[in-house]
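The values are calculated or read from the model by the stated rules, or taken from the named source; none is laboratory data. Keep in mind that this is a model prediction, so the values were computed, not measured. Reconstructed Cβ throughout: ideal geometry from the backbone, glycine too, with neighbour counts over all protein chains shown.
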Amino acid sequence: MSASDSSRREPCFLTAAEAAAAIRAGTLTSEALVRSCLERIEARDPIVKAWLHVDKAKAIATARERDKYPDHGPLHGLPFGVKDMIDTADMPTTYNSNCYWQHRPAKDAACVAVARHSGAVILGKTDTVEFAAAGRKAATRNPYHLGHTPGGSSSGSGAAVGDWQVPLAFGTQTGGSHIRPASFNGIYGLKPTWGVVSREGAKQYSTMLDTIGWYGRSVADLSLVAKAFHIADIACDETIDVSGLKVALCKTPYWDTAEAGTHKAFQLAAERLVKAGARVTDLTLSTSFGGMYDAQTTVMFGEGRASFLSEHLVHGPALHQDFTDRALNSRNITPAELVAAYDLAAACRKEFDSLFGDIDVVLTPASTGEAPEGLHTTGDHVFNAMWTLLHVPCLAIPCTFGAKGLPVGIQIVGPRFSDAKLMRIAAAIAPLIDVESKHVTERAA
């Protein structure tokens, strides 16, 4: 059901960019925006369950402080959600693990510190799959259909932004934990180039894969956060002309796993770009890329062994078996297998980057389809794993709705460290691709 005109005037329904502009213009206060988001959380989160911790009093007090001073940065006065495997000094960081219930880190993670000092109001901690890896699933439900997953491991962040409870939130990706929830919740998400955003203070799974990203409801929202992180060339005001833009459609070697919703989204996105004058061609990657999914799995579990060994030794039987298995290398991943995975990834990175003399951007699936039914699963990351291991920036764009009425998006991908250009391309093509977004205040139970 579409939101009424009166409900759409509530500040929580603004995009971050719209809210930021209103705050700068003096027509909206941070406190009014924060209170609106808190009211939305109070009304919706008992059934969506996106949050593990919300500090209402502190958020309001911080917003009032923001309103006393002039613009503090690109995120001035904007509410922000933090995935609960990213440290916050003033709120618990539990990793959704019984072993860390009410754990209080000594300081903020680097990404949280950047957000705070860029003017953001940290609203609370969003639910996640345990340690953003395995074990316990989040309690979070998909706001479009409560019987379906919102994706993982960035479950709470994706659902909170998708349900208009907060305009911005951090997620992370080791396999497909950021882009896939963006598709499932009908929102925008940026997984930056690996290493562009510091991971200090975020629970580690894989040093080669872990990447911190963020969600919003528009490309402009993503760009606001990118400015806070001083992404290279983000200040460039060049505009992209869609007419003549060279877009490569890449089904990837894993197209046979695509469901009807992804077939529809992929085709619609291509048709809409062609109609706008883009030069759309098909891209078939070399056979080497067919091994990237397995290579990502090898790296993830191989490096996860080191990441969870200390947890196994400290917590013993209290630790979920999934992490004991990783610590004890239950998959028997050998050093030679890790080296082979690293070498394949290095070769494919160089090969993929070299494609961007003939093309401007790659368009590819963001998920296998609509969010699966049930909270026992978070969906398949087969359309994300390769890009994560390639270290390239990925940007999720909503596209359409599947047969069950759930969102299905696409993602665009560029070469390493092309994050700012990717956002400029997204700003040009998103209005063409994302033409079916629905603003709703009530979801089907």
Answer with yes or no whether THR62 is touching a residue at least 60 places away in the same chain (Cβ under 8 Å) and either crowded, with 24+ Cβ neighbours inside 10 Å or on the phi > 0 side of the Ramachandran plot (or both).
no
Check whether at least one residue in the stretch 113-120 is β-branched (Val, Ile, Thr) and farther than 15 Å from ASP84 by Cα, and report yes or no.
yes
Please specify each residue of the stretch 240-265 satisfying the condition of being more than 14 Å from VAL361 (Cα to Cα), in a loop (DSSP other than H, G, I, E, B) and either hydroxyl-bearing (Ser, Thr, Tyr) or at pLDDT below 95 (or both).
THR252, TYR254
Do the conditions hold for ILE433, that is, is it hydrophobic (A, V, I, L, M, F, W, C), under 22 Å from VAL161 (Cα atoms) and more than 18 Å from the chain's Cα centre (by Cα)?
yes
Of the residues SER307, SER330, which single one is more than 30 Å from TRP255 (Cβ to Cβ), among the small types (Gly, Ala, Ser) and surrounded by 14 or more Cβ atoms within 10 Å (Cβ to Cβ)?
SER307
Screening SER286, SER223 for residues that are among the small types (Gly, Ala, Ser) and closer than 29 Å to ALA132 by Cβ leaves only SER223
Quickly run through the stretch 274-302 and pick out the residues that are aliphatic (A, V, I, L, M), assigned to a helix (DSSP H, G or I) and crowded, with 18+ Cβ neighbours inside 10 Å.
MET292, ALA295, VAL299, MET300
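Yes or no, residue by residue, for (1) in contact (Cβ under 8 Å) with a residue 12 or more places away in the chain; (2) among the small types (Gly, Ala, Ser); (3) in contact with a strand residue (DSSP E or B) (Cβ under 9 Å, 6 or more places away or on another chain):
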| residue | (1), (2), (3) |
| --- | --- |
| ALA57 | no, yes, no |
| TYR69 | no, no, no |
| HIS72 | yes, no, no |
| HIS76 | yes, no, no |
| ASP87 | yes, no, yes |
| ARG104 | yes, no, no |
| ALA109 | yes, yes, yes |
Looking at this structure, is ASP87 closer than 24 Å to SER177 by Cα, in contact with a Gly (Cβ under 8 Å, 6 or more places away or on another chain) and of a type outside the set (Ser, Thr, Tyr)?
yes
The listed residue being in contact with a His (Cβ under 7 Å, 6 or more places away or on another chain), at pLDDT 95 or above and either closer than 30 Å to GLU370 by Cα or basic (Lys, Arg) (or both), out of ARG349, ARG326, ARG272
ARG349
Consider only pairs whose beta carbons are under 6 Å apart and that are at least six residues apart or on different chains; among these, list those whose first residue lies in the stretch 89-102 and is in contact (Cβ under 8 Å) with a residue 40 or more places away in the chain and whose second residue is among the hydroxyl-bearing types (Ser, Thr, Tyr) and assigned to a loop (DSSP other than H, G, I, E, B).
ASN96/THR128
Looking for whichever is part of a loop (DSSP other than H, G, I, E, B) and either charged (D, E, K, R) or over 25 Å from the mean Cα position of the chain (by Cα) (or both) here; the options are ARG331, ARG305. Which one fits?
ARG331
Within the stretch 65-83, residues being modelled with pLDDT of 95 or more and out of contact with any helix residue (DSSP H, G or I) (no Cβ under 7 Å at 6 or more places or on another chain) number 2
Scan the stretch 142-163 for residues that are in contact with a helix residue (DSSP H, G or I) (Cβ under 9 Å, 6 or more places away or on another chain), farther than 16 Å from GLY261 by Cα and surrounded by fewer than 24 Cβ atoms within 10 Å (Cβ to Cβ) and jot them down.
LEU146
With the first residue restricted to the stretch 203-223 and required to be more than 14 Å from LEU389 (Cα to Cα) and modelled with pLDDT of 95 or more, and the second required to be assigned to a loop (DSSP other than H, G, I, E, B) and among the acidic types (Asp, Glu), Cβ contacts under 7 Å at 6 or more apart or on different chains are GLN204/ASP210
Within the group ALA232, ALA260, which residue is surrounded by fewer than 24 Cβ atoms within 10 Å (Cβ to Cβ), out of contact with any Leu (no Cβ under 6 Å at 6 or more places or on another chain) and more than 24 Å from HIS117 (Cα to Cα)?
ALA260
Scan the stretch 385-405 for residues that are crowded, with 22+ Cβ neighbours inside 10 Å and under 21 Å from ARG141 (Cβ atoms) and report the count.
2
